[in-house]
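Enquirer: Below is the structure I would like to discuss, written out as structure tokens.
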There are 4 protein chains.
Amino acid sequence: MIKTEEVTNANTTPGTGTMKALVYHGPGKRAWEDKPHPTIQSPSDAIVRITTSTICGTDLHILKGDVPTVTEGRILGHEGIGVVEQIGPGVSEFHVGEKVIISCVTACLKCDFCKRGIYSHCRNGGWILGNTIDGTQAEYVRIPQADGSLYHFPADADEEAMVMLSDILPTGFECGVLNGQVKPGDTVAIVGAGPVGLAVLLTAQFYSPAAIFMIDLDDKRLAVAKKFGATTLINSADGHAAQHVMELTEGAGVDVAIEAVGIPATFDICQNIVAPGGRIANVGVHGKSVELHLEKLWDRNIVLTTRLVDTVTTPMLLKVVRSGKLQPSKLVTHRFPLNDIMKAYDTFGNAAKEGALKVGLTN
Amino acid sequence: MIKTEEVTNANTTPGTGTMKALVYHGPGKRAWEDKPHPTIQSPSDAIVRITTSTICGTDLHILKGDVPTVTEGRILGHEGIGVVEQIGPGVSEFHVGEKVIISCVTACLKCDFCKRGIYSHCRNGGWILGNTIDGTQAEYVRIPQADGSLYHFPADADEEAMVMLSDILPTGFECGVLNGQVKPGDTVAIVGAGPVGLAVLLTAQFYSPAAIFMIDLDDKRLAVAKKFGATTLINSADGHAAQHVMELTEGAGVDVAIEAVGIPATFDICQNIVAPGGRIANVGVHGKSVELHLEKLWDRNIVLTTRLVDTVTTPMLLKVVRSGKLQPSKLVTHRFPLNDIMKAYDTFGNAAKEGALKVGLTN
Amino acid sequence: MIKTEEVTNANTTPGTGTMKALVYHGPGKRAWEDKPHPTIQSPSDAIVRITTSTICGTDLHILKGDVPTVTEGRILGHEGIGVVEQIGPGVSEFHVGEKVIISCVTACLKCDFCKRGIYSHCRNGGWILGNTIDGTQAEYVRIPQADGSLYHFPADADEEAMVMLSDILPTGFECGVLNGQVKPGDTVAIVGAGPVGLAVLLTAQFYSPAAIFMIDLDDKRLAVAKKFGATTLINSADGHAAQHVMELTEGAGVDVAIEAVGIPATFDICQNIVAPGGRIANVGVHGKSVELHLEKLWDRNIVLTTRLVDTVTTPMLLKVVRSGKLQPSKLVTHRFPLNDIMKAYDTFGNAAKEGALKVGLTN
Amino acid sequence: MIKTEEVTNANTTPGTGTMKALVYHGPGKRAWEDKPHPTIQSPSDAIVRITTSTICGTDLHILKGDVPTVTEGRILGHEGIGVVEQIGPGVSEFHVGEKVIISCVTACLKCDFCKRGIYSHCRNGGWILGNTIDGTQAEYVRIPQADGSLYHFPADADEEAMVMLSDILPTGFECGVLNGQVKPGDTVAIVGAGPVGLAVLLTAQFYSPAAIFMIDLDDKRLAVAKKFGATTLINSADGHAAQHVMELTEGAGVDVAIEAVGIPATFDICQNIVAPGGRIANVGVHGKSVELHLEKLWDRNIVLTTRLVDTVTTPMLLKVVRSGKLQPSKLVTHRFPLNDIMKAYDTFGNAAKEGALKVGLTN
């Protein structure tokens, strides 16, 4: 007989009560309110009790109404640390009571995309948490495809550091650093010193580039970038960032230009500074098309990449974090109890003024 | 003492007489006329007597006045087979009297770009023949950086086949097939069935893709593509090529989309049909910018490449041609004596009507 | 509620009766005898009714007693085509009644090795079929980790061709061709023209090498190799195969040497013929150590690989087979009903005399 | 007219006088004695006045008579910094008076091997300095193929640091780190903490491995390794190094095992500790064959590489050194004037006792 692992703690039995959650109620509206406990719906599901969560820039976009796949009543959030409360019979890699890292991308591991490492386009998952299904800014969350979407929490690790592995670090690393093929000795430019740009900055240093130019409009963020390892800061407020980069590189341009904002102007900087043979790695989420200057670039031997994070590098990132070569908790500037998440959103929504990068939400 | 190899045939002594050449005289004007014999100007130079040449689509662009680096009085042509007549003291790989393939790209092999295999951006070369220096549509040509820009002509090979290695085959192969990372089992779409698109088609088959869609406006060219190995032909005259491809792939799109025309409309087809995780390899020469739909592509994990041919694969292509797995002479549809090059231009300039792909010009 | 797909055909209800199977009874002993029907033991299991199977050289090794993990009473066989009869609740990619290809390697897809594409070292699988659990030379077989170990059978495909995808084609392709990094224009030597060597030969041609030398002691097998695309045949009976290769390559050696036998003498040929910068890809199963001439090879920039097939390329191979670029049924020389498997073993065990490559066993 | 750059300093006119040099006079015999000034012999030659040199472990092997290509009367040395005194007419990248780094490998850049980045097998070069032609432990040296064998000395750099780029750093980096494919998070074992093993250690850190085990018999060298970034030290004197590694990795083995000694016992450690899917990168110079346990490794999916340094990464290493991420002068433990080279050899020959790594020899 096939045994299904059952919930052992009667007080928290999923499916039998309510829980608190941050719910989207249409553009500009959110509430911390009661929602039913999630339940196992498929053999590959797990129910996880959230112990740490955080807020992503994407959550702000959703709140603006920019993400049409998110409908009213949806619990937001796609990042989190928690404890497994219940698992379906198809879950083999995790046990009830185990602490886990929740990946922002749900991966069945079985479809053609997953087998090619493109979890972001999983035919049974992808980015669905806090998007087309309820997310992690809640006391409990249902995680489909649990074996492909959860990671073992390392003994003695710090939850606040580990929640950076849910999304922001693999995003910076995969979309920016790996796609940009950062190599020892390279000159790298990162356009955008927000949390994602800073995640690019931290992980780019895995490959020992010779120079990292950080470009942003905000001197405070640039100052953070300096502390995080940027070698040159460029405030782009004068509209001449590309020109500055070209001067600093004596006309050569950069080996890797990483776009971490998501607007035409920042993309434009990238295409103006990439050296022949160089790479442009797009990380930013774009709302409109950009003008690609193929009339200049057609013969420059460049590679331009786009990517939604696949979280395939989470095992590698875990090893690097555990070795002490990366301190992700640097990215956390503000902390709140989970049930103060409404305040946390206020702070995160005023990131520039508040000097906020990532917020830690603990339960 | 350093010995310089000297010319041995008094009748053809370079530098002492005149020769015939196809000369550009401003937009729309060309002439087959007398020009001085070229001479050795630098230790790395070779003088080559042309035995076979051909005409490139780029030569037509030049004649329209579209290539501002080409000034009046320039001898055109960057493709050719010939015999080495004289070499400078720095030339070590070639000898007087040897038959050679002339590469369209001049490579010093010594600069940082050449060392990285990016000959197209050679600091002492690149595409200069028939552009910023005199070219190969002439009885003689000076080849700078001869050791990096010439290749040994294989014994018993066919000149007409080999002159396809000067430009068109490495262009199709490097910019289209290699940059597109064509793999066994892939579905590939090639937009443009002109000579370059057909060179992509021929060399893509080195990697055993499962399907090759050929897209063009001209049924005659599509018929040629069929003979050359295309598995599906799509006439794009109805403006729905992308839609057809999506239907044929049951909504999946293609693994590799190769742009071999150089206009916004054909680039647009590529961005509309590339599957998540797929590649767009640009081969076409673009005269204006294109609209890149990052708002759709940012999360589709695509790779977009541009490239001016480096001719780094010429040694590989030579091996494949010699093994009989590729018959480049298929691309030659019309033949003329070199001194009928004015007529050859007329024919090539009316390629669609004449059913012309490449012309062979023998001397 | 979680629904488990149940068996619909009462006559064949697994777990309730007996079936016929080829059983190992210690060195030299095998019998086609009654065994209990397999049953679902884990949520990821499937029960498959075998419609086509075959015999592998490894099965002969097992019968000699060379594979200590195989114990008496084991049903042999790790290749097969069949129809899904029952699935556990964790199986999501296959349905009862569906025809499937069974992979020789069992892959959970969830462990660290599987995530890296090294299915052969799956922590919950690897090569276990017909080894540490009962195999496919039977009327029914239990397939653990079904979602990672089965593949959809293409509509209208030929079972005999498809059963070559269970083991021999991915083995030749992954361990030989991919690990050997065969490229267009390469000179490749394959040592051993048995079924695996021939699978290397067939799949090496996906990459258009210029020359393929086939080396074997048996002229009949070499003649088959010629038909399958080998460009040069070398009978190694005179002990001078390496010398012949060096002469044929004018002292250069080969780009890729592929060992498909598994003994020191054939490995030795490989290390004697590999060119500087070349690759040795080991495919053969070795029973003892070899002498590696590092005193000659340390400075020759070679790459030597070993690999147990991962079957990660099965999706790619399926695409190539379906495109018509590979006809795996070429490898099948003899055919038997499954219940004549005892005779089939006799024939396959006398492969040289019988001119046998692979046998088709249909049920 | 072709101009040849002439020597401008009459006092040091090459070819017209004598110089001091370290000369090999058969096994065990060396002398610092007068030799004729070198002269330009080929258009690609340069004459360099040595300002800094050093001694390599290979020089000690030569002195033992282990390198048969080195004949009596040969000036030793293949590492050096100097000033260009004269160039042949084929040299285009360097000028008289310029300070340069001399690469241990001579590369014509033009042959098939050089074009593939395998400079070590250059048909017109390779390791010839201090081997088949006179070397750098002298006041002057002739550098053939100067454009491929010299590198521009960075302004304001330290000669002692830069001379580490002649051989030891690219050797450790290319043969060990790049061939071993060291990645972020990897567990790496380096067998041998001599100068080359330490160069591997320093450059492995470019890729942020999680753990680096250093294995050696000498605690003093291990202590140096600790300072240079090794995370775990293993003294192999007890003969159980492999066992210790397996325990430390909980039976998993290492991702990368790098052999930096060159004897069967140290190679054996590598093959005993490599994890499935791992790499063994051989750096050591081997004098005899090793026993390769293919009976254990055939199914472990490993990659084993050999390599003579190509120095193709010198430009990359220069960038990393200039960025301050690598301090090669750490490797220099002893310093002598060049004309005390006889003493320097004594010290370097007793490296263990003297605690010597590399010696700096300045002129």
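Enquirer: Looking at C:Ile341 and the list (1) of a type in the set (A, V, I, L, M); (2) in contact (Cβ under 8 Å) with a residue 60 or more places away in the chain; (3) touching a helix residue (DSSP H, G or I) at 6+ places or on another chain (Cβ under 8 Å), which single condition is not satisfied?
Expert: Condition not satisfied by C:Ile341: (3).
Enquirer: Quick one: count up the residues across segment A:337-363 that are open to solvent by less than 10 Å² (accessible area, probe 1.4 Å) and out of contact with any strand residue (DSSP E or B) (no Cβ under 6 Å at 6 or more places or on another chain).
Expert: The qualifying residues number 1.
Enquirer: Give segment C:139-180 a look and list any residue that's small (Gly, Ala, Ser) and assigned to a loop (DSSP other than H, G, I, E, B), or say none.
Expert: First, the residues of segment C:139-180 that are small (Gly, Ala, Ser): C:146, C:148-149, C:155, C:157, C:161, C:166, C:172, C:176, C:180.
Correct list: C:Ala155, C:Ala157, C:Ser166, C:Gly180.
Enquirer: Within segment C:266-280, which residues are open to solvent by 50 Å² or more (accessible area, probe 1.4 Å) and either facing chain D (nearest Cβ under 7 Å) or charged (D, E, K, R) (or both)? If you could, list the steps in order and put the result at the bottom.
Expert: We begin by selecting, within segment C:266-280, every residue open to solvent by 50 Å² or more (accessible area, probe 1.4 Å); these are C:268, C:272.
Scanning segment C:266-280 gives a single hit, C:Asp268.
Enquirer: Give the residues of segment C:87-114 that are touching a residue at least 40 places away in the same chain (Cβ under 8 Å), open to solvent by 40 Å² or more (accessible area, probe 1.4 Å) and within 12 Å of another protein chain (Cβ to nearest Cβ), sorted by residue number.
Expert: Residues satisfying the conditions are C:Ser92, C:Glu93.
Enquirer: Go through segment B:295-315 and report how many residues are more than 7 Å from every other protein chain (Cβ to nearest Cβ), hydrophobic (A, V, I, L, M, F, W, C) and closer than 17 Å to A:Gly287 by Cα.
Expert: Result for segment B:295-315: 0.
Enquirer: (1) touching a helix residue (DSSP H, G or I) at 6+ places or on another chain (Cβ under 6 Å); (2) modelled with pLDDT of 95 or more: which one isn't true of B:Val67, the others all being true?
Expert: So B:Val67 meets the others, but not (2).
Enquirer: From A:Val321, A:Val283, grab the single residue that is touching a strand residue (DSSP E or B) at 6+ places or on another chain (Cβ under 9 Å), within 14 Å of another protein chain (Cβ to nearest Cβ) and surrounded by 21 or more Cβ atoms within 10 Å (Cβ to Cβ).
Expert: Residue meeting the stated conditions: A:Val283.
Enquirer: Next question. Of everything in segment C:202-233 that's within 14 Å of chain B (Cβ to nearest Cβ), touching a strand residue (DSSP E or B) at 6+ places or on another chain (Cβ under 6 Å) and under 24 Å from C:Asp167 (Cβ atoms), which residue is surrounded by the fewest Cβ atoms within 10 Å (Cβ to Cβ)?
Expert: The residue in question is C:Ala204.
Enquirer: Farther than 30 Å from A:Glu33 by Cα, more than 14 Å from chain D (Cβ to nearest Cβ) and at pLDDT below 95: is that true of A:Gly355 in this structure?
Expert: Details: farther than 30 Å from A:Glu33 by Cα: no; more than 14 Å from chain D (Cβ to nearest Cβ): yes; at pLDDT below 95: yes.
Judged against the criteria, A:Gly355 is not a match.
Enquirer: Does any residue of segment B:229-240 turn out to be charged (D, E, K, R), in contact with a Leu (Cβ under 9 Å, 6 or more places away or on another chain) and more than 30 Å from C:Ala204 (Cα to Cα)? Give the steps one after another, and end with the answer.
Expert: Filtering segment B:229-240 down to residues charged (D, E, K, R) leaves B:238.
In the following step, the residues that additionally are in contact with a Leu (Cβ under 9 Å, 6 or more places away or on another chain) were identified as none.
Within segment B:229-240, none of the residues are charged (D, E, K, R), in contact with a Leu (Cβ under 9 Å, 6 or more places away or on another chain) and more than 30 Å from C:Ala204 (Cα to Cα).
Enquirer: Within segment A:115-137, identify whether any single residue is open to solvent by 10 Å² or more (accessible area, probe 1.4 Å), assigned to a strand (DSSP E or B) and more than 9 Å from every other protein chain (Cβ to nearest Cβ), and answer yes or no.
Expert: Checked against the condition, which is being open to solvent by 10 Å² or more (accessible area, probe 1.4 Å), assigned to a strand (DSSP E or B) and more than 9 Å from every other protein chain (Cβ to nearest Cβ), segment A:115-137 yields at least one hit.
Enquirer: Please state which of the following conditions D:Met316 fails to meet, knowing it meets all the rest: (1) under 18 Å from D:Leu201 (Cβ atoms); (2) surrounded by 24 or more Cβ atoms within 10 Å (Cβ to Cβ).
Expert: (2)
Enquirer: Further question: Give the number of residues within segment C:152-188 that are open to solvent by 10 Å² or more (accessible area, probe 1.4 Å) and either among the charged types (D, E, K, R) or without any contact (Cβ under 8 Å) to a residue 60 or more places away in the chain (or both).
Expert: 8
Enquirer: So in segment B:40-82, with the set limited to residues that are without any contact (Cβ under 8 Å) to a residue 60 or more places away in the chain and not in a helix (DSSP H, G or I), which one is most open to solvent (accessible area, probe 1.4 Å)?
Expert: B:Glu72
Enquirer: On to the next question. If you take the residues of segment D:140-151 that are within 13 Å of another protein chain (Cβ to nearest Cβ) and hydroxyl-bearing (Ser, Thr, Tyr), which of them is surrounded by the fewest Cβ atoms within 10 Å (Cβ to Cβ)?
Expert: D:Tyr151
Enquirer: Sticking with this structure for a sec: Among the residues in segment D:252-265, are any open to solvent by 50 Å² or more (accessible area, probe 1.4 Å), over 22 Å from D:Gly360 (Cβ atoms) and within 7 Å of another protein chain (Cβ to nearest Cβ)?
Expert: no
Enquirer: Still on this model: Residues to consider are A:Ile50, A:Ile40; find the one that is within 14 Å of chain C (Cβ to nearest Cβ) and of a type in the set (Val, Ile, Thr).
Expert: A:Ile40
The values are calculated or read from the model by the stated rules, or taken from the named source; none is laboratory data. Computed from a predicted structure; not experimentally measured. Note that each Cβ is placed from the backbone with ideal geometry, even for glycine, and that neighbours are counted across all protein chains shown. The protein model used for the area step is the full one, side chains on, heavy atoms only, and it has no ligands, DNA or RNA in it. Shrake-Rupley method; radii C 1.70, N 1.55, O 1.52, S 1.80 Å.
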